[in-house]
Amino acid sequence: MVQAFCDWLSNTPVSLKIQTILWIIPAVQTVHILCVSFVMASMAMLDLRLMGIAGKRQPISRMVDRFVPWVWRVLLILLASGAILTIGEPGRELLNWAFRTKMAMVATVSLILLLVQQVNKRDPKFWENRRIAATAVGVVSLLLWVGIVTAGRWIAYV
Amino acid sequence: MSIFRLCAWLESTRVAAAIRVSTWLFPTIETIHVLSIVLVVGSIAMFDLRLLGLSSRDRSVTEVYDDVMPWTRSAFVCAVIAGGLLFTSSATKYYVNVPFRLKMLTLLLAGVNTAYFELWTRRGIAAWNHATRTPRAAKLAGGISLVLWILVVAFGRWIGFTKQ
């Protein structure tokens, strides 16, 4: 069924435009990678802060307030650029288990990030006061982000 | 010995052969390369945005610098090591690849920009450390750095589409 959808999508005028205008895919991928850079750097710092390993000068709540709103905005750009790439080459993404794994991880880490943000809003001292929970969240989050980038690269190889 | 001959020799090493032959070595090293690069670019962008007075204005320039630079440096070292291994696996093909050459040139320019900032612009930092409106030299350093690193990513991606 997904195969049929991919076949249909890859023959739409939009998809054909993306496929034939050769600079579109590399350019959109570049935007995608630059957005990943922003998210990875922010999330690496936040996760290591949650784990208590780095950046202890700043309170956790400050970091969350500073980074997370921007991460949401950039995630939107990532979704949009990803959508363009998928419309251009539907089968390459939708029929690929590395891609599906990546999107499952994106969904999971988004929920975790939302949790971190909402909890922080209600009680800015929450994560400071719960070292073990904060560390666990930081570790899982970091592993997921690294997993997302890895799965993303492996789409080309699987 | 010409550079091309050096590349041919690198390609003939056992490390290079191992990477070429394996199904998973190249993708794995490349993944480490990509992870390192995104950390370099992401962290340096944070500092560049501070130099431009566009973000983290409530923090001093040196505070942002001290938070960010360890990331940038260690991730850069990782990126170079991984990149070196990738290069070795098909050295002659990368050497003649135009986007690869442009990427290396851009990296060199980024290095020059960083050196200039470190050696000159940073000297007077006490005067504008807490300023939101930083001096022109600082803004230029940040702006040029951002543009160059965006180009590094763009050329890097382009290699994948043109390498033989």
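Tabulated results
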quantity: B:V38, sole failed condition from (1) within 13 Å of chain A (Cβ to nearest Cβ); (2) in contact with a Leu (Cβ under 8 Å, 6 or more places away or on another chain); (3) at pLDDT 95 or above; calculated: (2)
quantity: Positions within segment B:129-164 being modelled with pLDDT under 90, away from chain A (no Cβ under 14 Å) and part of a helix (DSSP H, G or I), in sequence order; calculated: none
quantity: Matching residues, segment A:118-158, being outside any helix (DSSP H, G or I) and more than 30 Å from B:G160 (Cβ to Cβ); calculated: A:D123, A:P124, A:K125, A:R130
quantity: Criterion violated by A:I60 - all others in (1) over 30 Å from A:V2 (Cβ atoms); (2) more than 17 Å from the chain's Cα centre (by Cα); (3) touching a residue at least 12 places away in the same chain (Cβ under 8 Å); (4) within 14 Å of chain B (Cβ to nearest Cβ) satisfied; calculated: (4)
quantity: Conditions (1) modelled with pLDDT of 90 or more; (2) over 30 Å from B:R14 (Cα atoms): number failed by B:G83; calculated: (2)
quantity: Helices (runs of 4 or more DSSP H) fully within segment B:1-101 counting 2 or more residues that are within 19 Å of the chain's Cα centre (by Cα) and under 30 Å from A:A54 (Cβ atoms); calculated: B:25-51, B:61-89
quantity: Hits in segment B:111-127 - residues which are of a type in the set (A, V, I, L, M) and either in contact with a Lys or Arg (Cβ under 7 Å, 6 or more places away or on another chain) or free of Cβ contacts under 8 Å to residues at least 60 places away in the same chain (or both); calculated: B:V112, B:A115, B:L119, B:A126, B:A127
quantity: Residues of segment B:54-72 satisfying the condition of being within 22 Å of B:L151 (Cα to Cα) and more than 10 Å from every other protein chain (Cβ to nearest Cβ); calculated: B:L54, B:M69
quantity: Residue within segment A:107-117 that is surrounded by fewer than 20 Cβ atoms within 10 Å (Cβ to Cβ) and outside any helix (DSSP H, G or I) present; calculated: no
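The values are calculated or read from the model by the stated rules, or taken from the named source; none is laboratory data. Because the structure is predicted, anything quoted here is derived from the model rather than measured. Here the Cβ is made from the backbone with ideal geometry for all residues, glycine too, and neighbour counts use every protein chain on show.
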